[in-house]
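Working notes, structure below.
The values are calculated or read from the model by the stated rules, or taken from the named source; none is laboratory data. Note that this is a predicted model, so its numbers are computed, not measured. Cβ coordinates were reconstructed from backbone atoms using ideal geometry, including for glycine residues, and neighbour counts include every protein chain displayed.
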Amino acid sequence: MAHGARRDCPELPDFSLLKRLARDQLIYLLEQLPGKKDLFIEPDLMSPLDRIANVSTLKQHEVDKLYKVEYKPVISTSDQLCFLIRPRIQTVKWICDVANADKAAGKFRRYKIIFTPQKFYSCEAVLEEQGIIGDVTTDEWSFYLLPLDDDIISLELPEFFRDNFLSGDQRWVRTAGSALHLLHSLYGPFSKIYGIGRCSKMAYESWREQVAEGEQRAQNAEIGKVFLIDRDVDFVTPLCSQVVYEGLVDDIFRIKCGCVEFGPEVTSSDKSMKVMLNSQDKVFNEIRNEHFSNVFGFLSQKARNLQTAYDKRRGMDIKQMRTFVSEELKGLKQEHRLLSLHIGASESIMKKKTKQDFQEMLKTEHSLLEGFEIRESISFIEEHINRQVSMIESLRLLCLLSITENGLLPKDFRSLKAQYLQSYGIDHLLTFANLRQLGLLVEQQPGETLAAMESKVGKLVNDKTAGKLTDAFSSLARKSHFRALSRKLNLVPKSDEEYDLRVPRDMAYIFSGAYVPLSCKLVEQVLDRDGWTGLEEVTRLLNGHEFAVTGNNGADSKAKSDAQRIVLVMFLGGCTFSEISALRFLGRERGYKFIVVTTAITNSSRIIESLLDNHV
Amino acid sequence: MSFITANWNPLGEAFYRKTELYEMSWSLRDGLRDSLVAAAPYGGPIALLREPHRRSPSSRPQLEIYSASGVSIASFPWKSGPVVQVGWTVSDELLLVQEDGSVLIYDIFGTFKRHFSMGQEVVQSQVLEAQVFHSPYGTGVAIVTGSSRFTLATNIDDLKLRRLPEVPGLQGKPICWLVLTQDRQTKVLLSTGPDLYILDNTSCTAVSPPGLCPQAGSIVHMSVSFSYKYLALLTDTGHLWTGPSHLQDKLNEVDTKNTKPPQQMVWCRRPKSQQPSVVLLWDKLLMVVGVCQDNIQFPIEEPCVLVGELDGVRILSSSQQDLLQEVPLVCQEIFKIASMAPGALLLEAHREYQKSSQKADEYLREIKEQSMLGEAVRQCVEAAGHEYDSNTQKDLLRAASFGKCFLTDFSPDPFVLTCRELRVLNSVRESSVGLPLTHTQFKQMTQQVLIDRLVYRQFYPIAIEICRYLKIPDYQGVSRVLKHWASCKVQQKDLTDEAIARAVCVKVGDSPGVSYSHIAAKAYECGRTELAIKLLDFEARSGEQVPLLLKMKRSQLALSKAVESGDTDLVYTVVTYLKNEMNRGDFFMTLRNQPVALSLYRQFCKLQEQETLKDLYNQDDDHQELANYHVTASYREKRLDSRLSLLQSAVDEYNKAKNDFSAKATEDEMRLLRFQRKLDDEKGAGLLGLSVQATLEALLALGLHKQAEQLYRDFRVPDKRYWWLKVKSLVEKEEWEELEKFSKSKKSPIGYLAFVDICMKSNNKYEAKKYVSKVTLEQKVRAHLAVSDLEGAADAAIERKNESEMATVLSRCSASDRLVIDRLSRAATAGKK
């Protein structure tokens, strides 16, 4: 990285412990079913499982064959079937079908379902309803947290976002609470907990409850502060195009569980290749947080250095040569390989992103963020829809327009939607209903504010029910106050100044200097102020539910230990790589180390895709 | 002080003393005559069944329960069948064994708890005799029936009846019998007169006590020690045989010179006994027979009952209660006349010290010379524990404390602990509480059990005081007492719900380990639902509230509590329960008031019960969702007409929801579907289900321009979209002439740069160039650049005097484009001037 880290940055806790714990428990669970068995794994658990226990470990514990859960009849011949699944009704129903089919065929097998990270009552209800609760044994693999990198931990629960924010199904909240509890019991006690958002508050309460139930061992805190934030507090940030290297790679190639598959166009061979992207990759580690415009310069510099290192060979005697080969060459080769991969990836990105359309799209995004030239932006979006550029991107731009403008004018709202339906089919009516419910794509209500509505309702019914009603209505009346927030928190830097992307001066660099991510700005402000004091107006605009609680170990918090500068930021509903880059930048500036815990890594496409309801 | 040895009676090497425990507070009209008496060990309660043989309904036997000090706890007429035996369980419950083999269990307050039967066959043959016994497994009952068969239940809380094998030659009941517990087996020892048998699960073995002289005669009485280790057998000639209960050995044989069978015979031992003895009770005589040939005799004035204890025998009469025990060795050493034991000297030294006599120093010196001061203190502390009289206790403890002053590193713990425990013991020995526990018994039963017993007898204040005084952790101490207190409090019928709830809350507060839901469950059990609900409000853990609320049929409340808890599994439990309990309408109404539960249930229905989902929306008049539901459903339909009818329902619902946009869009879709179907039928175009855009594309690709035109007009496709599509399609099909014609049909709504771009995309520079001239001025540079005409671009840029455009052109120039570069730089400098 171009800018050196502050020397007093504390060390990060060792999160590999989480993996070891998960692996030991899984092995224990597998051994609960002695003898050879076939293991069926939920597809989206494949990659996380791979990071915990590889195939040979599984085989050691008498797993015979591995299958992916595909909702098809099983062909296994084993008389013991083990299912490793997420607690989803659909999967449980499939297992019921499997068991019932065996019964009908007079086949006797033992079934064991391992739910991870926990089982839900509804799953057991399905087992009961289908009459096979007596035939299966169930267990829980409390694999809550997967460390993706030194400072990123994921719950790997992408459905958290839709279930919680769209469907109002709060069953994952307790899971989040348990994850927090696990971190607290291993790396706590936390001395200060901040948070904003309804879900954050509930997760916090669930965690508190679990702390009260269990006993706390006295130990040295490794993590001092915790910040919980709901994804719906800030939709703008994840909806913007990412321009930092890691974010771009995610947007274009899709990083899955810390691993990316580069196609032939990147590897410059006829095979595609899976590459782990984390701090172990020296080249990647240095460019992941860089604005894309710097990446090429950096890579070419790196290539030159590499060449010099290779060149050292010349004029070596035999002895020097031997040490060179045995000590340095392997590292150089490795670096060489990585370098050529990232150059390939960058080229591929360049090809896609330096086109006119992308530049114009960025320009539109920036105007939306700034609130200038809205008409032009709307025409751009209209053209985007009409030209059938991308189903997801068009929706993304529509949402961005709606949030930044606090809803669309009725005329635009109707015409843009109608055009979109013409482009992609009427089933997107349902998608629009979802977006509206989340407040992502709404119509401007003339003169209707939440407060006005509340008072209207308040007149009709007594106070208590009014609270409930506003809760129920809040999604309908959910308003974005982006413009006001942006002014209050100074999210959009003045555009007349030149922004040198090579020497970033604030977190805005992750969006080419056009916008400071709201989520990260909140973290910065709250840490600076040690609470929400002075941010009352902001929290009001964000719909409240903020909290700041001092942990029960008051004495410890006074000690200005290193742990106090380790801050855990938990995103409920997912976070983007850009946000992580911004927090890393903030950490370097202020001498913090941030650990990002998220329900899943997300980006604009993942968010929009999770809200689609079309039936293609 | 010298009187201490006054009631000591020598027996061999040891001494026995009889200490008065209580003047009994009861006033029994007929003394203990004609009653079945049962007194529980460890200072337990006393039960009396007076005149048990009365049978007529007009005069019933009376059942009375007293504390050990004779305070009446309960009394009521016995209305059930004739009782053979009365006994207490280890947890102070009263057992009454009836003639017909049923056993009734009462609590200490005379409340009926439950009953069980000793077997069906007993009803016929009747119980002749029964015994209640205690073993490591709990409390057991043994009976012998009219058919001379024994039946055992080793633990009444885990009832397993065992019928023992037949005893050869036994008619009616044996002369005497008892239950032995050894080697984890329960056996019966019985005497038929000449023969002695041991009965176990499978066999009946004849045994003979080793060394019993053949002239001794047949065994008429037997007794086993408190620990089941020793056995005493009495023959009809008055010979008393003692030995270990496995009958392998003999301790002693004494002739009591009394051939009359005694009323009771009980072992009197203590741990580390020097001279264990057997106490025999006749009408007017109490005889203590030791292992040596000695005995002690006490005259008796009124009927008595003996109660065997761990470390002695309690003698119960209608007027008083005594404890007969061997004097513990340490007490002997201290109080024996002219004893020179260190403890005795220390006690003396302290006495002299109190008199301010210098002799104190002499005594102390004497102990110190033998360096026995530590031992002396220890003796005094230990002896204090064994003394019943509080003055003696004080003397001994003061002496110990005095001695301690002269010791440097002597652990104060035993002293402090003994002081504490004695205070506790003294307080529970009070007649009003009536638990005459010795220190040895207390140690054996543990403080936990003592508190349990106090709680069981509802002595809550003293129990709490003791917990606090002994510093028992709240969880096991005060909280437990409070829990019991509260459970008992809620049963008080004379108080209002409000008052009880308040009282409970004030006392219990948030003591750790007290579960309000537990208390509430108790309240509900006694039929006080309202109180239970009030109490549940104090429960912090919602998970605990919900199951009880459901049990009480307060489902609405249960639901809101579950929602508050944030535990969706809990919410779901309630929802499932409600679904089964309520009719559909009420169920939906309930859900309606709980958005969290509703969305949870909706999620479930989406996956499991689509139809229910529709009903839910219907109930709520949620037309918007209902319409969406129909749209979703339409995609699952294969047939066009059912699809259309579903969409029509969606239109209706959208209209009801006043969502005219969606209604219109759905209508359009229906129109589109019909249009597509028509073309599919006519031309086999395969359009059904495509979007407007895709349909247009398909039509243009098929060359159905007219139909495309019609669609474009009918569906008000924006001009721009149509033009984009058409241009793209024409270029793709390389219909250049058509394209040119189209470009001239009217002014392009998408400009002409699009034409250039699209042509270039299919690499046709020649065609592209045709449209460069038509491009607007602003886009000229880009158009020229698109067809890589640098000169043209440069001209256009210079013409427009636009610096940034010039720079763009410049950046595209390579070294070979010298001319252009020169022109541009000239223009740039000119511009700057």
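Of the residues A:390, A:326, only one is surrounded by fewer than 17 Cβ atoms within 10 Å (Cβ to Cβ) and within 14 Å of chain B (Cβ to nearest Cβ); which?
Details: A:326 fails: within 14 Å of chain B (Cβ to nearest Cβ).
Sole residue among the options that is surrounded by fewer than 17 Cβ atoms within 10 Å (Cβ to Cβ) and within 14 Å of chain B (Cβ to nearest Cβ): A:390.
Being touching a Leu at 6+ places or on another chain (Cβ under 6 Å) and more than 14 Å from every other protein chain (Cβ to nearest Cβ) is the filter here, so list the residues in segment B:529-550 that pass it. Of everything in segment B:529-550, just one residue is touching a Leu at 6+ places or on another chain (Cβ under 6 Å) and more than 14 Å from every other protein chain (Cβ to nearest Cβ), namely B:549.
Only one of the listed residues (B:325, B:320) is surrounded by 20 or more Cβ atoms within 10 Å (Cβ to Cβ), among the polar types (S, T, N, Q), within 28 Å of residue B:444 (Cβ to Cβ) and under 53 Å from the mean Cα position of the chain (by Cα). That residue is B:325. Inside segment A:176-220, residues that are within 10 Å of another protein chain (Cβ to nearest Cβ) and out of contact with any strand residue (DSSP E or B) (no Cβ under 8 Å at 6 or more places or on another chain) make up a count of 7.
A single member of A:423, A:415, A:367 is part of a helix (DSSP H, G or I), more than 12 Å from chain B (Cβ to nearest Cβ) and small (Gly, Ala, Ser), and it is A:367.
Of everything listed in (1) within 14 Å of chain B (Cβ to nearest Cβ); (2) over 25 Å from residue A:521 (Cα atoms); (3) of a type in the set (S, T, N, Q), the single unmet condition for residue A:280 is (1).
Criterion first (within 22 Å of the chain's Cα centre (by Cα), surrounded by 15 or more Cβ atoms within 10 Å (Cβ to Cβ) and under 26 Å from residue B:535 (Cβ atoms)) does residue B:472 satisfy it?
yes
Identification of helices (runs of 4 or more DSSP H) wholly contained in segment B:573-623 with 3 or more residues that are at the interface with chain A (Cβ under 9 Å from one of its Cβ atoms), surrounded by 16 or more Cβ atoms within 10 Å (Cβ to Cβ) and at pLDDT 80 or above yields B:595-608. With respect to residue A:434, is the statement that it is touching a residue at least 24 places away in the same chain (Cβ under 8 Å) and closer than 30 Å to residue B:727 by Cα true? Against the criterion (touching a residue at least 24 places away in the same chain (Cβ under 8 Å) and closer than 30 Å to residue B:727 by Cα), residue A:434 does not qualify. For segment A:59-89, residues that are within 14 Å of chain B (Cβ to nearest Cβ) and either in a loop (DSSP other than H, G, I, E, B) or at pLDDT below 85 (or both) total 4.
Taken over segment B:643-667, the criterion of being buried (at least 19 other Cβ atoms within 10 Å of the Cβ), within 11 Å of chain A (Cβ to nearest Cβ) and not polar (S, T, N, Q) is satisfied by B:647, B:650, B:654, B:663, B:665.
Looking at B:77, B:61, B:57, B:52, which is the one that is surrounded by fewer than 18 Cβ atoms within 10 Å (Cβ to Cβ), within 44 Å of the chain's Cα centre (by Cα) and either of a type in the set (D, E, K, R) or at pLDDT below 90 (or both)? Steps first, please.
Numbers: B:61 fails: surrounded by fewer than 18 Cβ atoms within 10 Å (Cβ to Cβ); B:57 fails: within 44 Å of the chain's Cα centre (by Cα); B:52 fails: surrounded by fewer than 18 Cβ atoms within 10 Å (Cβ to Cβ).
Testing whether each residue is surrounded by fewer than 18 Cβ atoms within 10 Å (Cβ to Cβ), within 44 Å of the chain's Cα centre (by Cα) and either of a type in the set (D, E, K, R) or at pLDDT below 90 (or both) leaves just B:77.
Residue-level analysis places residue A:132 outside the set of residues that are without any contact (Cβ under 8 Å) to a residue 40 or more places away in the chain, touching a Leu at 6+ places or on another chain (Cβ under 6 Å) and either at negative phi or aromatic (Phe, Trp, Tyr) (or both). Scanning segment A:78-116 for residues that are over 19 Å from residue A:43 (Cβ atoms) and of a type in the set (Phe, Trp, Tyr) turns up A:108, A:111. None of B:393, B:379 is touching a Leu at 6+ places or on another chain (Cβ under 6 Å), closer than 30 Å to residue B:312 by Cα and buried (at least 21 other Cβ atoms within 10 Å of the Cβ) except B:393. Cβ separations smaller than 6 Å between residues 6+ apart or across chains give the following pairs from segment A:83-99 residues that are without any contact (Cβ under 8 Å) to a residue 40 or more places away in the chain to residues that are in a loop (DSSP other than H, G, I, E, B): A:87/A:119; A:87/A:120; A:94/A:71; A:96/A:130; A:96/A:132; A:98/A:74; A:99/A:132; A:99/A:135.
Kindly evaluate residue A:94 against the criterion of being out of contact with any Ser or Thr (no Cβ under 6 Å at 6 or more places or on another chain), part of a helix (DSSP H, G or I), within 14 Å of chain B (Cβ to nearest Cβ) and surrounded by fewer than 22 Cβ atoms within 10 Å (Cβ to Cβ). The answer is yes for residue A:94.
Name the single residue that is nearest to residue A:371 (Cα to Cα) among those in segment A:393-412 being in a helix (DSSP H, G or I) and either within 9 Å of chain B (Cβ to nearest Cβ) or over 25 Å from the mean Cα position of the chain (by Cα) (or both).
Result: A:412.
Taking segment A:149-169 as the search range and keeping residues that are of a type outside the set (A, V, I, L, M, F, W, C) and within 14 Å of chain B (Cβ to nearest Cβ), which one is surrounded by the most Cβ atoms within 10 Å (Cβ to Cβ)? Lay out the reasoning, then the answer.
Just the residues of segment A:149-169 that are of a type outside the set (A, V, I, L, M, F, W, C), to begin with: A:149-151, A:154, A:156, A:158-159, A:162-164, A:167-169.
Within this subset, residues satisfying the condition of being within 14 Å of chain B (Cβ to nearest Cβ) are A:159, A:162-164, A:167-169.
Details: A:159: 16, A:162: 18, A:163: 21, A:164: 26, A:167: 17, A:168: 17, A:169: 21.
It comes out as A:164.
For segment A:501-616, which strands (runs of 3 or more DSSP E) that fit wholly inside it have 1 or more residues that are at pLDDT 90 or above?
On the way: elements: A:546-550, A:566-572, A:593-598.
Result: A:566-572, A:593-598.
For segment B:551-565, a residue qualifies if it is within 14 Å of chain A (Cβ to nearest Cβ) and either hydrophobic (A, V, I, L, M, F, W, C) or farther than 16 Å from residue B:593 by Cα (or both), and the qualifying residues are B:559, B:562, B:563, B:565.
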